[in-house]
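Below: one structure, written as structure tokens.
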Amino acid sequence: MTSSGPDRSAPGSTPSPHGADAAPVVKAVRLRHPWRNLIAVIILIIAVAFIWDAAGRTAYHWDIFGKYVFDKRISEAAFNTLQLTVYSMVIAAILALVLAVMRLSSNPVFKSISWFYLWIFRGTPVYVQLTFWGLLSVIYPTLSIGLPFMHPWLEFPTGSTLTFFELAIIGLALNESAYLAEIVRAGILSVDRGQEEAATALGMTWTQSMLRIVIPQSMRVIIPPTGNEVISMLKTTSLVTAVPYSLDLFARSRDIATSLFAPVPLLLVASAWYLAITSVLMVGQYYLEKRFARGIGAARPTKGAGGTTAAPTTTAQFEVVSEAYNTDEKEHQ
Amino acid sequence: MTDTEVPMVQADQVSKSFGSNQVLKSISLTVRRGEVMVLLGPSGSGKSTFLRCINHLESVDAGRLRVEGTLVGYKEKGDKLHELHPKEAAAQRREIGMVFQRFNLFPHMTAIENIIEAPMRVNKVGKATAIARAKELLTRVGLGDKGDAYPAHLSGGQQQRVAIARALAMDPKLMLFDEPTSALDPELVGEVLDVMKKLAESGMTMIVVTHEIGFAREVADSLVFMDGGVVVESGDPREVLANPQHERTKAFLSKVL
């Protein structure tokens, strides 16, 4: 092993691929990071001290926390919060797609409508918007369907038709759609122009190329910030008290806290639930991102034999044909 | 060509400008059915733009451009031209295949999925039929075993061959190639040109923008040399390449040959 050392390749000799002569393994003393270690130790000490102190601190009322963290009222409120989040996000996503496509279309009317919508809903605070939605029945006592200046075909009293829960969802969704629309627009713009061109050249209509080619590819760019928006929405639902809707997680824990005269432990209860839901959402985001990285991200095992039992025989046939093709090809050269 | 035969492509004084930049200046040429025409010329000479006009990816400003006698992108009603509805324009494009310099395969779909997409969505072909046809086409371009591969896992040459198969899946009557080998590593150019040569031999009408002089000499029926938005010289490729008449053609060929 040692004798043939440095002389790499005599002319004509081919070096063996796996190297019979292994190069000397690098065995270096690792670089030390004393400051890094010191800072880590200090932070650890501070953290332990804080937890130790918090565990014993009476103001936190861990007994009350323990008693209410799995209270039925709280878990129901958490479910309401989750519903507010999911429903408003789904509506917002659909609206956002429409708004983004309108904004990117060549139709000047669509473009202006989308721009104006964004201007209004991004330009005013969500708390103010939610308050407005709560006052909907005051501003518009009846909702009617029909033509302007004519007797309406259908008429409903606003107050009894829409609950505060629904108004909260509408308010959150419309506000969120303005932000999501910008995310969707950025995603669509991130897709190479050649993709739409190729789809167009294949005779696909604009709608087909959008739905099948452009939007699926834009998802890769859209999902990470949208995950962020979902988590943000989960917490924004704590503002629905402006509507006023009072059965969400934060409002409910605040009500309980008021009756107990113990605000701190119930804040902890609410925080624990928000944190738990956020964690679950983060897991969901991870899987969605993986799904839409198809064909782009790190190499992924190809689909298991295409799912057809006949696959092996057919591929064998094709190999024969392609071999024939290859020999044919050689003759041409 | 007999007088009665309708040419596949007929350009009559076609002009096109981008802003103040006129990229096509009164181009007139005819491509017969089954003809392979190579468009040659320095970059910026308007060859790609002309190709894109045939597919109505760009619209023509002046002149008339016809495919099989039908005006591209417009309808004639009396002496007036009407823009086509996007759906009608899409219907025209179905019959014209296009292969791009940068392949433009759909990265989120496997090779098979790339190929069956348009036949299924546009021509409403059933999935099983479309897949069978796609496999046949992949075999034809020498990639019978790559159906389940995503474009990112294929070499440039393989991607371009899938792109050719994708265009062929629509059973086009005319194939447009926009510098199909310009983005490829030199050792991958041959495999794509071989597929194109076979396609030419099968009788496909093709218009090829390329710098591959060898392909032009060997495969093409006609060669058109463009520069500055005009057709400088055209004719039999072997003649034009061996004995260029125009100074600009000579200057260009002396650089690429």
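Things worth noting here:
- Criterion (open to solvent by less than 50 Å² (accessible area, probe 1.4 Å), of a type outside the set (S, T, N, Q) and farther than 30 Å from A:VAL214 by Cα) met by exactly one of A:ILE46, A:ILE74: A:ILE74
- For region B:166-179, residues that are within 16 Å of B:VAL208 (Cβ to Cβ) and part of a helix (DSSP H, G or I) total 2.
- Tally of residues being within 17 Å of A:ALA199 (Cβ to Cβ), within 11 Å of chain A (Cβ to nearest Cβ) and open to solvent by 30 Å² or more (accessible area, probe 1.4 Å) across region B:108-135: 4
- Set A:THR163, A:THR142, A:THR207: member being touching a Pro at 6+ places or on another chain (Cβ under 6 Å) and on the phi < 0 side of the Ramachandran plot: A:THR142
- Matching entry among B:SER155, B:SER59 (being of a type in the set (S, T, N, Q) and touching a Cys at 6+ places or on another chain (Cβ under 9 Å)): B:SER59
- Residue match in region A:128-142 (condition: open to solvent by 40 Å² or more (accessible area, probe 1.4 Å), in contact with a strand residue (DSSP E or B) (Cβ under 6 Å, 6 or more places away or on another chain) and outside any helix (DSSP H, G or I)): yes
- When B:LEU84, B:LEU65, B:LEU71, B:LEU51 are screened for being of a type outside the set (Gly, Ala, Ser) and out of contact with any Leu (no Cβ under 8 Å at 6 or more places or on another chain), only B:LEU84 passes.
- Residue within region A:170-184 that is at positive phi and either not in a helix (DSSP H, G or I) or not β-branched (Val, Ile, Thr) (or both) present: no
- All of B:GLU88, B:GLU5 fail the test of being within 22 Å of A:MET204 (Cβ to Cβ) and either open to solvent by 50 Å² or more (accessible area, probe 1.4 Å) or among the basic types (Lys, Arg) (or both), apart from B:GLU88.
To keep it simple, each residue is scored yes or no on (1) among the hydrophobic types (A, V, I, L, M, F, W, C); (2) closer than 30 Å to A:ALA262 by Cβ; (3) touching an Asp or Glu at 6+ places or on another chain (Cβ under 8 Å).
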position	(1), (2), (3)
A:PHE79	yes, yes, no
A:ALA93	yes, no, no
A:LEU97	yes, no, no
A:ARG103	no, no, no
A:SER106	no, no, no
A:ILE120	yes, no, no
A:GLY134	no, yes, no
A:SER137	no, no, no
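- The numbered conditions (1) facing another protein chain (nearest Cβ under 9 Å); (2) touching a Lys or Arg at 6+ places or on another chain (Cβ under 7 Å); (3) open to solvent by less than 50 Å² (accessible area, probe 1.4 Å); (4) not in a helix (DSSP H, G or I) are all true for B:LEU138 except (4).
- In region B:186-206, the count of residues that are closer than 17 Å to B:ARG94 by Cα and either within 12 Å of another protein chain (Cβ to nearest Cβ) or at pLDDT below 95 (or both) is zero.
- Positions within region A:205-245 being over 23 Å from A:PHE165 (Cα atoms), open to solvent by 30 Å² or more (accessible area, probe 1.4 Å), of a type in the set (A, V, I, L, M, F, W, C) and touching a residue at least 12 places away in the same chain (Cβ under 8 Å), in sequence order: A:MET219, A:VAL221
- Selection count, region B:10-44, where residues are hydrophobic (A, V, I, L, M, F, W, C) and either surrounded by fewer than 23 Cβ atoms within 10 Å (Cβ to Cβ) or in a loop (DSSP other than H, G, I, E, B) (or both): 4
- Within region B:246-257, tally of residues that are out of contact with any Asp or Glu (no Cβ under 6 Å at 6 or more places or on another chain) and more than 12 Å from B:LEU40 (Cα to Cα): 6
- Exactly one residue among B:ALA163, B:ALA149 is within 11 Å of another protein chain (Cβ to nearest Cβ) and part of a helix (DSSP H, G or I), and that residue is B:ALA163.
- Qualifying residue in region B:83-99 (condition: more than 28 Å from B:VAL256 (Cα to Cα), touching a Phe, Trp or Tyr at 6+ places or on another chain (Cβ under 8 Å) and assigned to a strand (DSSP E or B)): yes
- Take the conditions (1) in contact with a Cys (Cβ under 8 Å, 6 or more places away or on another chain); (2) more than 23 Å from B:VAL208 (Cα to Cα); B:LEU65 misses just one of them, which is (2).
- Output for region B:82-96, where each listed residue is more than 7 Å from chain A (Cβ to nearest Cβ) and either under 20 Å from A:PRO216 (Cβ atoms) or touching a Lys or Arg at 6+ places or on another chain (Cβ under 7 Å) (or both): B:HIS82, B:LEU84, B:GLU95
- Test result for A:VAL101, farther than 26 Å from A:LEU130 by Cβ, within 26 Å of the chain's Cα centre (by Cα) and touching a residue at least 12 places away in the same chain (Cβ under 8 Å): yes
- Against the test of being modelled with pLDDT of 95 or more and either closer than 30 Å to B:GLN22 by Cβ or away from chain A (no Cβ under 11 Å) (or both), the options B:VAL72, B:VAL99 yield a single qualifying residue, B:VAL99.
The values are calculated or read from the model by the stated rules, or taken from the named source; none is laboratory data. Not measured: the values here are computed from a predicted model. Every residue, glycine among them, receives a Cβ derived from its backbone with ideal geometry; neighbour counts consider all protein chains shown. Accessible surface is based on the protein model in full, side chains and every heavy atom, while ligands, DNA and RNA are left aside. Shrake-Rupley method; radii C 1.70, N 1.55, O 1.52, S 1.80 Å.
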